[in-house]
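The values are calculated or read from the model by the stated rules, or taken from the named source; none is laboratory data. Predicted, not measured: the structure shown is a model, and the values here were computed from it. Counting neighbours? That spans all protein chains shown, and the Cβs are built from the backbone with ideal geometry, glycine included. Note: accessible area is taken over every heavy atom of the protein model, side chains too, but ligands, DNA and RNA are not part of it. Shrake-Rupley method; radii C 1.70, N 1.55, O 1.52, S 1.80 Å.
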Amino acid sequence: MNQWNRFLLVAVIFGITIIGLYFLQYYLSPVERISYYEFKVLAKKGQVENLIIKKNEITGAFREGAAETLHQLRKKPVKLPPYFKTIKAEDPEFIKILEEREINFEVRAEATFWITVLSWVVPILLLILFWLFIFKRFVSPEGGIMSVGKSKAKIYVENEIKVTFADVAGVDEAVEELKEIIEFLKYPQKFTSLGAKIPKGVLLVGPPGTGKTLLAKAVAGEAGVPFISISGSSFVEMFVGVGAARVRDLFAQAEKMAPCIIFIDEIDAVGRVRGLSPAGGTEEREHTLTQLLTEMDGFDPKKGVIIIAATNRPEILDPALLRPGRFDRVVVVDRPDVKGREAILRIHTRNLKLAEDVDLKVIAARTPGMVGADLANIVNEAALLAARKGKRAVEMEDFEEAIDRVIAGLAKKSRYLSPEEKKRIAYHEAGHAIVASVLTPKEKVHRVSIIPRGIAALGYTLQLPEEERYLYTKEELLAKIAVLFGGRVAEELFFKEISTGAQNDLERATEIARAMVMDYGMSEVLGPQTFRKREALFLDLPFKERELISEKTAILIDEEIAKTLKLCYDKAKSIIEERKEKLEALVEKLLQREVLEGEELAELLYK
Ligand code: ADP
Ligand code: MG
Ligand code: ZN
């Protein structure tokens with residue numbers, strides 16, 4: 001039992017004690033039961049007061065001298081609590097006595113039967129519920145009385161999956177690798193009779209929204225087998241035994257339904273390296289993980305159950321999960337390239353009415369780095385926009401707006417920019433565009449906008465590569481840096497002072513320069529060597545500093561980065577200085593129109 005559980009136990013016991021004491025005091029508050037005769041004697045002597053007279057019962061408080069009177073009557077010493085209770089008799093004298101002795105009294109209607117019942121039953125029920133609640137938390141599910149694992153497990157079983165590989169695009173390699181699994185699920189005997197080793201588990205690894213869940217479903221859909229899924233994060237319960245019980249449930253269900261697919265989403269939630277997490281709940285997660293490993297080991301793959309898991313953080317997984325006989329296959333589901341994006345867009349626009357001018361190729365080119373989920377989102381957004389405007393088909397303009405929305409949050413055309421700020425942004429963006437038009441002819445400037453969007457970006461200049469790029473030469477990287485500087489240079493030249501607007505540009509420029517020096521060996525002074533290394537599978541994960549860089553080298557690196565940046569800055573400056581008129585023309589148009597693209601932009605930039 002870990003700290004948290006112990007704390008909870010103490011809190012619960014404390015709470016129950018308090019409640020118990022309260023009721024005890026309420027129901028057993030000391031009252032002396034006296035006979036009606038005794039009561040009458042006391043009343044005659046004026047030794048009672050504050051009576052409450054009900055139909056069958058009288059209660060009230062003793063007054064001084066009552067103890068002595070009762071002592072005489074009972075012939076033995078009595079120790080009296082402050083209150084008494086007696087059964088009421090039919091007695092015509094009664095009220096007269098009270099009046100004579102000036103005893104204060106009050107007549108009350110009898111508490112009804114229901115009130116009595118409720119005043120007893122409700123607290124008892126509450127107590128029982130409370131205990132049940134605690135039991136649910138602490139009784140191990142093996143107890144058999146309350147199967148917590150079963151009752152609370154968020155295990156989803158889908159029998160008829162309609163998703164197939166036709167619904168997935170842009171991840172062809174992953175699809176190829178998964179096809180074999182389908183064969184196996186469909187014709188297990190074909191594999192087993194040959195003595196072929198059957199995969200037990202497949203780990204899908206990729207950034208969020210690339211279609212991992214979709215792929216797992218498609219495998220089930222293609223093979224026509226049930227799909228049993230659970231999310232790793234739902235395993236992680238605060239209370240002991242629950243997670244492990246769910247794992248057992250999961251495998252028990254799967255065994256009954258074989259052939260089938262078990263899908264564990266977000267497996268990193270349970271599958272972290274053991275013994276490393278600083279947070280609480282660790283122990284429980286480790287139980288769950290251990291149980292998962294045990295179940296996987298004990299599972300006979302011939303039964304036709306394939307376990308597919310998904311994660312976007314493979315680097316934190318416990319290596320034990322990746323050992324043979326467990327998730328021994330890792331399938332990378334990467335971000336789609338431009339062709340893949342086009343194919344994904346085609347899938348999602350299948351059931352849409354598209355206007356003539358919609359070109360999915362252009363949309364795909366406009367969305368580098370986006371994943372399937374983003375693209376699905378864009379299509380949906382575009383359809384909504386078109387519907388809102390009452391159009392009969394979705395037009396390119398709707399897609400453009402949808403992309404902008406998805407890229408930078410909702411368009412905020414109403415956001416106020418002072419004319420001065422707007423002018424500054426126009427110069428800044430025009431500066432980027434001019435430098436780009438000169439230095440990076442292969443990546444045409446597609447669009448320049450000074451409409452503020454979201455919080456961070458005030459405007460943007462968008463360049464589109466003619467084809468997907470995987471390699472850049474040193475020259476091209478230097479050009480990229482110069483383009484990033486273009487905005488700041490233009491501001492500096494025309495406003496004589498610089499603003500904070502270029503922060504992100506500088507950051508990106510610095511990162512490129514750093515990579516050139518430290519990762520790509522492009523510095524002549526330092527020569528062809530790297531100073532950082534990548535830690536994990538994904539290219540977009542950050543670099544990690546190599547541990548040993550001498551102080552001298554560190555200084556050299558800094559110098560080289562600064563030198564590279566200065567070179568590019570001067571380049572951008574000379575380009576813009578030579579094209580002041582062109583820039584002014586562009587700025588003027590931008591201030592008018594806010595967004596420039598297509599022919600019009602090409603006319604201004606490239607003529
Ligand atoms: P992940 O599990 O990798 O986070 P999902 O499979 O949940 O991503 O993807 C979410 C949605 O995005 C899918 O339901 C689908 O509509 C869309 N999507 C994602 N990737 C693709 C893809 N490769 N092809 C088609 N649609 C995709
Ligand atoms: Mg998913
Ligand atoms: Zn900029």
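Brief remarks on what is shown
- Verdict on VAL163 being modelled with pLDDT of 75 or more and open to solvent by 20 Å² or more (accessible area, probe 1.4 Å): yes
- Here the condition is being at pLDDT below 80 and more than 16 Å from ligand 2 (Cβ to nearest atom); of LEU458, LEU484, LEU478, it holds for LEU458 alone.
- Selection over the range 158-180 of residues that are out of contact with any Asp or Glu (no Cβ under 6 Å at 6 or more places or on another chain), of a type outside the set (Asp, Glu) and assigned to a loop (DSSP other than H, G, I, E, B) gives a count of 8.
- Residues within the range 548-595 that are modelled with pLDDT under 85 and open to solvent by less than 40 Å² (accessible area, probe 1.4 Å), tallied: 1
- Verdict on PRO278 being under 29 Å from ASP172 (Cβ atoms), surrounded by fewer than 20 Cβ atoms within 10 Å (Cβ to Cβ), away from ligand 1 (no atom under 16 Å from the Cβ) and at pLDDT below 80: no
- Enumeration of residues in the range 335-351 that are at pLDDT 85 or above and assigned to a loop (DSSP other than H, G, I, E, B): THR349, ARG350, ASN351
Conditions (1) more than 13 Å from ligand 1 (Cβ to nearest atom); (2) in the same structural domain as LYS361 (by TED's automatic domain parsing); (3) surrounded by fewer than 21 Cβ atoms within 10 Å (Cβ to Cβ), marked per residue:
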site	(1), (2), (3)
VAL219	no, no, no
ALA223	yes, no, no
GLU255	yes, no, yes
ILE261	yes, no, no
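- Hits in the range 430-443 (condition: open to solvent by 10 Å² or more (accessible area, probe 1.4 Å) and in a helix (DSSP H, G or I)): HIS432, SER437, VAL438, LEU439
- Within the range 338-360, residues that are farther than 17 Å from VAL163 by Cα and open to solvent by 20 Å² or more (accessible area, probe 1.4 Å) have Cβ atoms under 7 Å from residues that are away from ligand 2 (no atom under 16 Å from the Cβ) and among the aromatic types (Phe, Trp, Tyr) in these pairs: VAL358/PHE399, counting only partners at least 6 apart in sequence or on another chain.
- Every test in (1) at negative phi; (2) at pLDDT below 85 is passed by LYS496 save one, and that test is (1).
- When each of LYS391, LYS423 is tested for being open to solvent by 80 Å² or more (accessible area, probe 1.4 Å) and either modelled with pLDDT of 80 or more or in contact with a Lys or Arg (Cβ under 8 Å, 6 or more places away or on another chain) (or both), the lone residue that passes is LYS423.
- Residue within the range 322-334 that is within 16 Å of ligand 2 (Cβ to nearest atom) and assigned to a strand (DSSP E or B) present: yes
- GLY149 being of a type outside the set (Asp, Glu) and at pLDDT 85 or above: no
- Residue pairs whose Cβ atoms lie under 9 Å apart, separated by 6 or more positions or on different chains, with the first residue in the range 489-508 and assigned by TED's automatic domain parsing to the domain that holds THR564 and the second away from ligand 1 (no atom under 16 Å from the Cβ) and outside any helix (DSSP H, G or I), are GLU491/GLU497; GLU491/ILE498; GLU491/SER499; GLU492/ILE498; GLY501/LEU458; GLY501/GLY459; ASN504/ALA456; ASN504/ALA457.
- Pairing each residue of the range 63-89 that is more than 17 Å from ILE52 (Cβ to Cβ) with any residue that is in a strand (DSSP E or B) and not β-branched (Val, Ile, Thr), provided the two are 6+ apart or on different chains, yields C-beta distances under 8 Å for VAL78/GLU32; LEU80/GLU32; LEU80/PHE62.
- Within the range 468-499, considering residues that are more than 20 Å from THR510 (Cβ to Cβ) and of a type in the set (Phe, Trp, Tyr), the one surrounded by the most Cβ atoms within 10 Å (Cβ to Cβ): PHE494
- Residue match in the range 195-214 (condition: modelled with pLDDT of 90 or more and over 29 Å from the mean Cα position of the chain (by Cα)): no
- The residue that is farthest from ligand 2 (Cβ to nearest atom), among those in the range 181-213 that are in contact (Cβ under 8 Å) with a residue 12 or more places away in the chain, closer than 24 Å to ALA320 by Cα and in a loop (DSSP other than H, G, I, E, B), is ILE198.
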